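A.B. asks: Pasting a structure below so you can have a look.
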């Protein structure tokens, strides 16, 4: 059996960047002690979800990736613990050019690359176009020490097309870090990511922030982070809806072949008939 132990962290906002980074490093060490081999942090992990408001002061949260200090620190931590790490951050490519990005770091501390959030929402409480350009790196899949890893970020999950491309690009585990608040779309949380796993025959690890960040707006993040199998089944319990929690689960990657040999969705695709869905 090809078992990979994965970890997710749904965390509350501490009030400042430095303590938020320290919190995540502490949990990374704890996950390593529990045998985790790969871990993903939540969307914009070291900051609040500042997109609840439109304020140019928050551009100062951005850093270059991989040249910035937080990426380098995460590389050192990944190497220290021998863990693959997905670290979602606010990226500055150049002055005035920003992305919502996840850095992917291998277990030896090597920076493998990054995924930039492709679909950018702009509505009350989620004013992301004020901060981020749409991602322009496509849907990369990274060959890591634990297998082939892809990333999709928050609002991306509403779009099945990118989730399919990640599968076509060879992803075995797709991590979906998020900042999602209670309300209209909450019931989708247990539907969309499990649907991506089923349709594409891969594992999904999805994280949601938890708690309120009242100085930035009224959003109340509902946690409930989880791993699911290529059958869409939860691996263990879903995370708490109100409390910070580290989730560590064993993922049997041999199940990918078993599921794909049963549900032949890739074999039976008809891409030559799908042109309408990508027409402008």
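What follows draws every value from the coordinates through simple rules; no lab data is involved. Just so it is clear, the structure is predicted and the values come from calculations on it, not from any experiment. Note: ideal-geometry Cβ built from the backbone for every residue, glycine included; neighbour counts use all protein chains shown.
A.B. asks: For residue 237 and residue 129, compute 0.36 nm times the residue count separating them, minus their Cα-Cα distance, and round to one decimal in nm.
C.D. replies: Working: separation 108, 0.36 × 108 = 38.88 nm, distance 3.44 nm.
Stretched out fully, the residue 237 to residue 129 stretch lengthens by 35.4 nm.
A.B. asks: What number, in percent, do you get for the relative contact order of segment 142-280 if the mean sequence gap of Cα pairs under 8 Å and at least 6 apart is divided by its residue count?
C.D. replies: 18
A.B. asks: May I pose another question? Between residue 16 and residue 263, what is the spin-label point distance in nm, taking each point 7 Å from the Cα along the Cα→C-beta axis?
C.D. replies: 4.8
A.B. asks: For the chain, what is the percent of antiparallel DSSP beta bridges, rounded to the nearest 5? Walk me through the numbers before you get to the answer.
C.D. replies: On the way: 36 of 52 bridges.
The antiparallel fraction comes to roughly 70 percent.
A.B. asks: May I ask you to derive the relative contact order of the chain, considering only C-alpha pairs under 8 Å and at least 6 residues apart, and to give it as an integer percent? If you can, show how the numbers build up before the last one.
C.D. replies: Working: 629 pairs, mean separation 55.6, N = 280.
Reported relative contact order: 20 percent.
A.B. asks: Could you list 144, 273 in order of exposure, starting from the residue whose Cβ has the fewest other Cβ atoms within 10 Å? Numbers along the way, then the final one.
C.D. replies: Working: 144 22, 273 8.
In order of increasing Cβ crowding within 10 Å: 273, 144.
A.B. asks: Moving to a separate point now. Between residue 184 and residue 212, how high is the FRET efficiency from 1/(1 + (r/R0)^6) when r is the Cβ-Cβ distance and R₀ = 30 Å? Nearest 0.05. Mind dumping the intermediate values first?
C.D. replies: Details: r = 18 Å, r/R0 = 0.60.
The value I calculate is 0.95.
A.B. asks: Based solely on its DSSP helices, what 222 nm [θ] is calculated for the chain when runs of n ≥ 4 H residues each add -39,500 (n - 2.57) and the sum is averaged over all residues, nearest 500 deg cm²/dmol?
C.D. replies: Numbers: 5 runs with 60 residues, N = 280.
One gets -6500 deg cm²/dmol as the mean residue ellipticity at 222 nm.
A.B. asks: At R0 = 35 Å, how high is the FRET efficiency between residue 273 and residue 97 if r is their beta carbon distance? Nearest 0.05 is fine. All intermediate terms of the calculation are to be shown ahead of the outcome.
C.D. replies: Details: r = 38 Å, r/R0 = 1.08.
Approximately 0.40, to the nearest 0.05.
A.B. asks: Compute a Gaussian network model of the chain, connecting alpha carbons closer than 10 Å, and tell me which residue from 73, 246, 184 fluctuates the most.
C.D. replies: Of 73, 246, 184, the Gaussian network model singles out 184 as fluctuating most.
A.B. asks: Hey, in the GNM for the chain with a 10 angstrom Cα cutoff, which one of 42, 54, 193 fluctuates hardest?
C.D. replies: Sorting by GNM fluctuation, first place goes to 54.
A.B. asks: When 27, 59 are ordered from fewest to most other Cβ atoms inside 10 Å of their Cβ, what list results? Let's see the in-between values first.
C.D. replies: Values: 27 20, 59 15.
The fewest-first ordering by Cβ neighbours comes to 59, 27.
A.B. asks: Under a GNM of the chain (C-alpha, springs under 10 Å), which listed residue has the highest mean-square fluctuation: 29, 163, 94?
C.D. replies: Top of the fluctuation ranking is 94.
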